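Quick notes on the structure that follows.
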Amino acid sequence: MLGFIFTFIIAAGLAPLVIKWYRKNHWLGEHNSKLRLKNTHSKPVPRGGGIVIFLSILMAALLFLQVDRYLIAIMAGALLLTVVGIFDDIFDIHPLIRLLTGLAAALIVVGSGIGIAYISDPFSAGVIHLNHPQLAIDIFGRTRTIWVLADLFALIFILWNMNIVNWSKGLDGQMPGFVAIALIFVGILSLRFIDDPTQFDTAHFSFIIAGAYAGFLLWNWYPQKIMPGYGAGSLAGYFLSILAIISGAKVATTLMVLAVPTADAIFTILRRIRAGKSPLWGDRGHLHHKLLDVLKWSKRKIAVFYWFASLVLGILSLYLNTIGKIVTITLVVVGVFGFLIWAKWKTLQAREKA
């Protein structure tokens, strides 16, 4: 837990410095307006969470972890996301640019050799191998082998989680809390394989990143003094995905802990496509928006709901087999879909009465 404590203290100490820097340069997120309906804050707040998270994790990684090509690749991809996050904090860049740079960050990681070589077979005690087909390519006089399915699956998994977690940061304290909880469970699961030296660093890395988000939460909790921004939001899904892969391809476990944001993201994409809109552009139709606008929940209550959901699903993930996890994820998706459809119906009813 030393890594957790270290990054907790560093993140908590860095946040006010970033807040001061952003305020000095007037890099403040817009508050509610017709142009940014998705926002829920009532006054300009600096973003900049990516800087806090990245620097905290970088310092801890250099201090507590073995530096190898995998860690270098992971932190290089994280640096790219942080830089893009800073530009987004200041200029609010196009979501397609964020998507493409996110893909580039994922490619850096997968290119280093981190991929999903297998997944658990839900219908047997074995696994489904993804190491075929393989493609050999000569690069600078060296032959590199690409595991097509393993690498493609890893790319999609990383990019997907980067975006769904980033979409679930709309309220004070919402994202850092459930991300820290999810990372703690990934760390606990990694400790089960402590005899494997590669898993030892995985567990430590999980707790290091969890500590960074927990420390950032002190300043992001209602009323927030700093927002995560794209940097911290994308880094959360990025690190969660990578840790799930290197801790033994715990894809189902990660998807289960992130079941609520996952269900919200799937519904949002389908809703936007059905309405003839780009799924990349934000709106005020996410689950946290509906809990706020339709059920009239407070921001604190919604944040705690996300934490509690991740906590319960994380505990269940320690005991359920693959089939049980799939069933649980399906039930969460059905529940979220049902609520969002009901919330849409209630909204339409309110408009008709008005």
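The values are calculated or read from the model by the stated rules, or taken from the named source; none is laboratory data. Since we're looking at a predicted model, the values are computed, not measured. Note: ideal-geometry Cβ built from the backbone for every residue, glycine included; neighbour counts use all protein chains shown.
Taking into account only those residues within segment 263-282 that are assigned to a loop (DSSP other than H, G, I, E, B) and loosely packed, with under 13 Cβ neighbours inside 10 Å, which is nearest to the chain's Cα centre (by Cα)? Among residues in segment 263-282 that are assigned to a loop (DSSP other than H, G, I, E, B) and loosely packed, with under 13 Cβ neighbours inside 10 Å, the one nearest to the chain's Cα centre (by Cα) is W281.
If I filter segment 64-71 for residues that are touching a residue at least 24 places away in the same chain (Cβ under 8 Å), outside any helix (DSSP H, G or I) and touching a Lys or Arg at 6+ places or on another chain (Cβ under 6 Å), do I get at least one hit? For segment 64-71, residues touching a residue at least 24 places away in the same chain (Cβ under 8 Å), outside any helix (DSSP H, G or I) and touching a Lys or Arg at 6+ places or on another chain (Cβ under 6 Å): absent. Residue count for segment 283-301 under the criterion of being in a helix (DSSP H, G or I) and either free of Cβ contacts under 8 Å to residues at least 40 places away in the same chain or over 20 Å from G237 (Cα atoms) (or both): the result is 8. Condition first: surrounded by 14 or more Cβ atoms within 10 Å (Cβ to Cβ) and part of a strand (DSSP E or B). Can you find one or more residues in segment 155-162 that meet it? Within segment 155-162, none of the residues are surrounded by 14 or more Cβ atoms within 10 Å (Cβ to Cβ) and part of a strand (DSSP E or B).
Pull up segment 11-40, narrow it to residues that are more than 20 Å from L81 (Cα to Cα) and within 21 Å of the chain's Cα centre (by Cα), then point me to the one that is modelled with the highest pLDDT. Per the criteria, the residue is A12. The condition of being closer than 23 Å to G211 by Cβ and under 20 Å from the mean Cα position of the chain (by Cα) does not hold for G102. Count of segment 316-333 residues, restricted to those that are part of a helix (DSSP H, G or I) and free of Cβ contacts under 8 Å to residues at least 60 places away in the same chain, is 4. So for segment 112-120 (the condition being modelled with pLDDT of 85 or more, assigned to a helix (DSSP H, G or I), closer than 22 Å to V84 by Cα and in contact with a helix residue (DSSP H, G or I) (Cβ under 8 Å, 6 or more places away or on another chain)), does at least one residue qualify? No: zero hits.
Of the numbered conditions (1) farther than 21 Å from I158 by Cβ; (2) modelled with pLDDT under 95; (3) touching a Pro at 6+ places or on another chain (Cβ under 9 Å); (4) not β-branched (V, I, T), K299 satisfies every one except a single condition; which is it? Against the list (1) farther than 21 Å from I158 by Cβ; (2) modelled with pLDDT under 95; (3) touching a Pro at 6+ places or on another chain (Cβ under 9 Å); (4) not β-branched (V, I, T), K299 comes up short only on (2). I'm checking my understanding of the structure. Among residues of segment 135-159 that are out of contact with any helix residue (DSSP H, G or I) (no Cβ under 8 Å at 6 or more places or on another chain) and aromatic (F, W, Y), which one is nearest to F305 (Cα to Cα)? Here the residue is F153.
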